[in-house]
1. Test each condition in (1) closer than 26 Å to S32 by Cα; (2) touching a Gly at 6+ places or on another chain (Cβ under 7 Å); (3) of a type outside the set (D, E, K, R) for F296 and report the one that comes out false.
2. Could you grab the pairs with beta carbons closer than 8 Å, sequence gap of 6+ or different chains, first residue in segment 149-169 and in the same structural domain as A291 (by TED's automatic domain parsing) and at pLDDT below 95, second one polar (S, T, N, Q) and buried (at least 23 other Cβ atoms within 10 Å of the Cβ)?
3. In the list D165, D155, D173, D215, which residue meets the criterion of being closer than 26 Å to I355 by Cβ and surrounded by fewer than 24 Cβ atoms within 10 Å (Cβ to Cβ)?
4. Give segment 85-116 a look and list any residue that's in contact with a Phe, Trp or Tyr (Cβ under 9 Å, 6 or more places away or on another chain) and among the β-branched types (V, I, T), or say none.
5. So which of I288, I275, I229, I245 ends up being among the β-branched types (V, I, T) and either out of contact with any Ser or Thr (no Cβ under 9 Å at 6 or more places or on another chain) or surrounded by fewer than 17 Cβ atoms within 10 Å (Cβ to Cβ) (or both)?
6. What number of residues within segment 227-267 are assigned to a helix (DSSP H, G or I) and either of a type in the set (A, V, I, L, M) or more than 18 Å from the chain's Cα centre (by Cα) (or both)?
7. Mind listing just one residue for me: the one in segment 117-133 that is aliphatic (A, V, I, L, M) and surrounded by 20 or more Cβ atoms within 10 Å (Cβ to Cβ) and, of those, nearest to Q86 (Cα to Cα)?
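The values are calculated or read from the model by the stated rules, or taken from the named source; none is laboratory data. Since we're looking at a predicted model, the values are computed, not measured. Note that each Cβ is placed from the backbone with ideal geometry, even for glycine, and that neighbours are counted across all protein chains shown.
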Amino acid sequence: MKHDKLNTIAVQAGINSDEHHGAVVPAMHLSSTYSLKGFNEKRQYDYSRSGNPTRTTLAEVIADLEGGSTGVITGTGMSAIHLVCQLLTNEDTLLIPHDCYGGSYRLFTHLAARGVFKLQVVDQTNEQQLSDALAKKPKLVLLETPSNPLLRLVDIAKICQQAKDVGALVAVDNTFLSPLLQRPLDLGADIVIHSTTKFINGHSDVVGGAVVTKDAELGETLTWWANCIGITGSPFDSYLTLRGIKTLPIRLKQHDENTKQLVQFLQSHPAISTIHYPGLVDHPGHDIAKAQQTGFGSMFSFELNGGEAQVKALFANVKLFTLAQSLGGVESLISHPSTMTHAGMDLDAQKAAGINQTLIRVSVGLEDISDIIEDLNNALNASQAVSK
């Protein structure tokens, strides 16, 4: 489906599907259990962990947006990551980027330490490292592009072909962009992972995850595992996420526009030494972003030119921005990756990934851009005064 049709998919999810009462908006089905027609005669749904009408609608729309065959809705983004790990045995190898989300890194390293699977951690932007790792024939390759929090990019189509050549599956964490700005399955990926907590819901009031597969058989396998280990999402959270997804297209447009203007302003700020944002022409992944994305998104990070005192002063002086975990909501958030989102990585792993103590991550919201710029500028000025 053409990109401009994705807006229609997002808005029309479940609309006018109620054949009983004619409700325009799809109903929320909170029942935990469903009656059988008779002895050994199951209906489509029998128990809400296994299947739920509200969750099904959400799974279908996310799968449609990603161009996949099957969607599985989970209780959190991390449970979506964990679900994909069920494809691995103790003889299989998982290949991950060295700069992935800290929570994912923590899960992978601890599961590998228990012997659940073997693990390779490499800089996927380093062609030689990646080639050497793929030569060992991993079962599954995880990509996170743009990466969290340094916004590094890798060529999805190229790596998918390389993985296919050695018989590996490819899963792509698409949380930072959503299917409106990037569709990994179209580029050759087998699986797409989302923390629906972020842009897909977009209002910082739901925690959830999603896995979408290109292949129906693989989708059936993951659906079975989701039910088996009990990680499927709740009906109420699915309902709220469905409501949020209807405004995803228009939200992303404003997110993107605000971010472009904010980054442009910050490029000349003396308190900042480096900005990590694929929309900048001098970003190492700028050309890749233009080729495989339809927008640059609203996430970026920057490095202050001072020390810890400057970092503390910055956070102490923001008023509009909120110092908090997460991203992708309508409100602007700011965070310190080393002590927050990536605290699950030890300092050596952080250093290897390029995460230093002066790195700041920003999720740009939908407030008036002049207010966003003014707030961050004031905080940066205050931080610079402390560092002198």
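1. Here F296 clears every test but (1).
2. Pairs found: none.
3. Numbers: D165 fails: closer than 26 Å to I355 by Cβ; D173 fails: surrounded by fewer than 24 Cβ atoms within 10 Å (Cβ to Cβ); D215 fails: closer than 26 Å to I355 by Cβ.
Unique residue meeting the criteria: D155.
4. Passing the criteria: T89, T93, I96.
5. On the way: I288 fails: either out of contact with any Ser or Thr (no Cβ under 9 Å at 6 or more places or on another chain) or surrounded by fewer than 17 Cβ atoms within 10 Å (Cβ to Cβ) (or both); I275 fails: either out of contact with any Ser or Thr (no Cβ under 9 Å at 6 or more places or on another chain) or surrounded by fewer than 17 Cβ atoms within 10 Å (Cβ to Cβ) (or both); I245 fails: either out of contact with any Ser or Thr (no Cβ under 9 Å at 6 or more places or on another chain) or surrounded by fewer than 17 Cβ atoms within 10 Å (Cβ to Cβ) (or both).
Of the residues listed, the single one that is among the β-branched types (V, I, T) and either out of contact with any Ser or Thr (no Cβ under 9 Å at 6 or more places or on another chain) or surrounded by fewer than 17 Cβ atoms within 10 Å (Cβ to Cβ) (or both) is I229.
6. First pass over segment 227-267, keeping only residues assigned to a helix (DSSP H, G or I): 227-229, 235-245, 248-266.
Retained after the next criterion (residues that are either of a type in the set (A, V, I, L, M) or more than 18 Å from the chain's Cα centre (by Cα) (or both)): 227-229, 235-236, 239-240, 242-243, 245, 248, 250, 252, 254, 257-258, 260-266.
Total meeting the criteria: 23.
7. Of the residues in segment 117-133, the ones aliphatic (A, V, I, L, M) are 119, 121-122, 130, 133.
Applying the additional criterion that residues be surrounded by 20 or more Cβ atoms within 10 Å (Cβ to Cβ) yields 121, 130, 133.
Details: V121: 19, L130: 23, A133: 21 Å.
Looking at residues that are aliphatic (A, V, I, L, M) and surrounded by 20 or more Cβ atoms within 10 Å (Cβ to Cβ), I get V121.
Here's the yes/no breakdown for (1) under 12 Å from the mean Cα position of the chain (by Cα); (2) in a loop (DSSP other than H, G, I, E, B):
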position: F108; (1), (2): no, no
position: G115; (1), (2): no, yes
position: Q129; (1), (2): no, no
position: L142; (1), (2): no, no
position: A157; (1), (2): no, no
position: Q182; (1), (2): yes, yes
